[in-house]
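Data first, discussion second: the structure below is written as structure tokens.
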Amino acid sequence: MPDPVVPGSGAGRARRSAQWFGVPGRSGFLHRSWVRAEGFTPEVFDGRPVIGIANSFSELTPCNSHLGRLAEAVKRGVWQSGGFPLEFPAMSLGESLMRPSAMLYRNLMAMEVEETLRANPLDGVVLLSGCDKTTPGMLLGAASVDLPAILVTGGPMLRGRWRGEDMGSGTDVWRLTEEQRAGRFTTEDLIEAETCMNRSNGHCMTMGTASTMACMSEALGMSPTGSASIPAPDAGRLRVAQRAGQRIVEMVVAGGPRPSEILTRTAFENAIRTNAAIGGSTNAVIHLTAIAGRVGVPLELEDFDRLAADVPLLVDLMPSGRFLMEDFHDAGGLPVVLAELVRAGMVDGTARTVDGATIGSQVEGSRSWRPEVVRSVDAPVQDAGSGTAVLRGNLCPDGAVLKISAATPGLLSHRGRAVVFDSIEEYLETIEHDDVDISAHDVLVLRNAGPRGYPGMPEVGNLPLPARLLREGVTDMVRISDARMSGTGYGTVVLHVAPEAAAGGPLALVRTGDVVRLDAAARSLQLEVSDEELAERRAAWVAPQPPATRGWTRLYFDHVLQADKGCDLDFLVGASGDAVPRENH
Ligand code: FES
């Protein structure tokens, strides 16, 4: 049957995809012919926008295992609006299974997304993510290519339920396993609980890193307004995905907005303030810093402290509070928080979003349907100052962070004896012995768990407490490390110490018996050891060997930036754009 469509004859002749499908001769023949083998009719080559759907589905990433349904919904929307959808797999990072840490691979995923977008005949992309690192991985890659892009997350799981009570993923893992170690729960109790905690598709349903980054993407303007909190099994999420498919076609036809037009300094300031209002994960500090680096927006560690200083905590969600993402959604979700912050002058409502409107107009009129879950600025869950504190001092010259809302108020000013561990394995083995020389007043110090040291900066900073102290009723201690903490974790935990020990930071020089002074109000973390003594210890310090001689781990070790710079690779900072590469002749 003759082909009724002249390839590349439509209005989209100038699009990237036209340089594959709209060219005459052998090149166009070759590009179209192989795509036709997938069974598409020839109209797909008439110059319409070609939309990539980057799908981080994997059965090794349980939080993303349902993204296939979302991809189908996106395709519906793309077809409806006259686009041509092409789905492709993106590297998937499962927080619960990957070793040594999913964070080791965030930049690899970002590279893969970036290069796949640039190397293929795509005019725009819908990014499907869910689990912790998949959202920033997608945003990093898309920001560096700067094609029109919308990020749709897979949504949080339904609330966990066990023995008549809510359970929060992550948060209750820490709590229940500590209860078992304290002798208050049996192994059988725990096995029963593990079947009840994660009841549906979706990512962790506390305000952990996945929920935080979904909210950050929405606050930045990169995700549809109101989408972050929709539970994964809710049909509303499929509707959001379908709308995203329609909207990305409109964006391509209109020539934008592109990520660089959305991810402005204003957008990042909005996101930082929003993170304080939702009690979001400390991991947002690292991911937002890295994303800002891709679009050339200067972001300092202190910005997270300074910008959040007058923002109260509005959301009462675990791990800091009582409720779960399903409750947050019932209450109206992030638009309620954003509307409150716009009203209070804390979020700039003029910032652009992928919805095609300003964030202020998108959230206007939003109100909390459950005031016990999402509060107003006038009656917050906690007053301003409960967000992320950025500490400085001779123990962390390039900074460290402490989540105030997750800490014990009485420990925020603390002076104690350091008890130092060189590895998490050494620590975990030690704390099970009842004769271990650790008191509740001591300061637990873990090192070699940073970006280079582990490698991949795992979420081990909220060290479990020694078994004997747990049985004595101790619930918190000051803990300091160059590691990260799960967004679902809690405690008086100083994280992201920079430079890390493996990079020669002062953390490498601490010895058991030294005195450490934490003063959160003064934003200070000091090691009470003289400069002369530290210089002597430094002279004797031996840098660690790389953890691998080849492959990704070696590349990562050689090029990863420290936590205060977002843990990007030094050669990935910045953008390279969407210029079509030379032809594969
Ligand atoms: Fe995937 Fe928590 S393990 S979001």
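The values are calculated or read from the model by the stated rules, or taken from the named source; none is laboratory data. None of the values given here were measured: they were computed from a predicted structure. All Cβ positions, glycine included, derive from the backbone under ideal geometry; neighbour counts span all protein chains shown. Protein only, heavy atoms only, side chains kept; ligands, DNA and RNA dropped before computing areas. Shrake-Rupley method; radii C 1.70, N 1.55, O 1.52, S 1.80 Å.
For this structure, a couple of remarks:
- Members of region 369-378 found to be in a loop (DSSP other than H, G, I, E, B) and touching a Leu at 6+ places or on another chain (Cβ under 9 Å), listed by number: V373, R375, S376, V377
- In region 14-31, the residues that are hydrophobic (A, V, I, L, M, F, W, C), closer than 15 Å to V252 by Cα and either part of a helix (DSSP H, G or I) or touching a residue at least 12 places away in the same chain (Cβ under 8 Å) (or both): A18
- Lone qualifier among R161, R118, R99 - being away from the ligand (no atom under 14 Å from the Cβ) and open to solvent by 50 Å² or more (accessible area, probe 1.4 Å): R161
- Any hit, region 349-363, residues being part of a loop (DSSP other than H, G, I, E, B), at pLDDT 95 or above, of a type in the set (S, T, Y) and under 23 Å from the mean Cα position of the chain (by Cα): yes
- Matching residues in region 179-237 - criterion: being closer than 20 Å to R161 by Cα, at pLDDT below 95, away from the ligand (no atom under 15 Å from the Cβ) and not in a helix (DSSP H, G or I): R184, F185, T186
- The lone exception for A54 - which of (1) under 30 Å from S101 (Cα atoms); (2) in contact with a strand residue (DSSP E or B) (Cβ under 8 Å, 6 or more places away or on another chain); (3) part of a helix (DSSP H, G or I) it fails: (3)
- Taken as a whole, the condition of being surrounded by 24 or more Cβ atoms within 10 Å (Cβ to Cβ), closer than 30 Å to V354 by Cβ and either of a type in the set (D, E, K, R) or within 16 Å of the ligand (Cβ to nearest atom) (or both) applies to T153.
- Tabulated pairs, region 206-228, first among the charged types (D, E, K, R), second within 14 Å of the ligand (Cβ to nearest atom), C-beta under 7 angstrom, 6+ apart or interchain: E218/A228
- Subset of region 44-55 (residues that are touching a Leu at 6+ places or on another chain (Cβ under 6 Å) and buried (at least 22 other Cβ atoms within 10 Å of the Cβ)): V50, G52, A54
- Of all the listed residues (D316, D310), the sole one being among the charged types (D, E, K, R) and in contact with a strand residue (DSSP E or B) (Cβ under 8 Å, 6 or more places away or on another chain) is D316.
- If you go through region 390-440 and pick out every residue that is assigned to a strand (DSSP E or B), free of Cβ contacts under 8 Å to residues at least 40 places away in the same chain and exposed (fewer than 15 other Cβ atoms within 10 Å of the Cβ), you end up with 0.
Residue by residue, here is whether (1) within 16 Å of the ligand (Cβ to nearest atom); (2) at pLDDT 95 or above holds:
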{"position": "V445", "(1), (2)": "no, yes"}
{"position": "Y454", "(1), (2)": "no, yes"}
{"position": "E459", "(1), (2)": "yes, no"}
{"position": "L465", "(1), (2)": "no, no"}
{"position": "R471", "(1), (2)": "no, no"}
{"position": "T475", "(1), (2)": "no, no"}
{"position": "R479", "(1), (2)": "no, yes"}
{"position": "D482", "(1), (2)": "no, yes"}
{"position": "G487", "(1), (2)": "yes, no"}
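- Any pair with Cβ under 9 angstrom, 6 or more apart, that starts in region 170-189 at a residue that is on the phi > 0 side of the Ramachandran plot and ends at one that is open to solvent by 50 Å² or more (accessible area, probe 1.4 Å): G183/R471
- Sub-9 Å Cβ pairs linking a first residue in region 54-81 that is farther than 21 Å from S200 by Cα to a second residue that is among the hydroxyl-bearing types (S, T, Y) and more than 16 Å from the ligand (Cβ to nearest atom), at least 6 apart or interchain, are A54/T116, ordered by first then second residue.
- Taking the criterion of being farther than 15 Å from I278 by Cα and of a type in the set (S, T, N, Q), the residues of region 379-411 that qualify are N394, T408.
- Counted residues, region 58-92 - those being open to solvent by less than 10 Å² (accessible area, probe 1.4 Å) and more than 16 Å from the ligand (Cβ to nearest atom): 8
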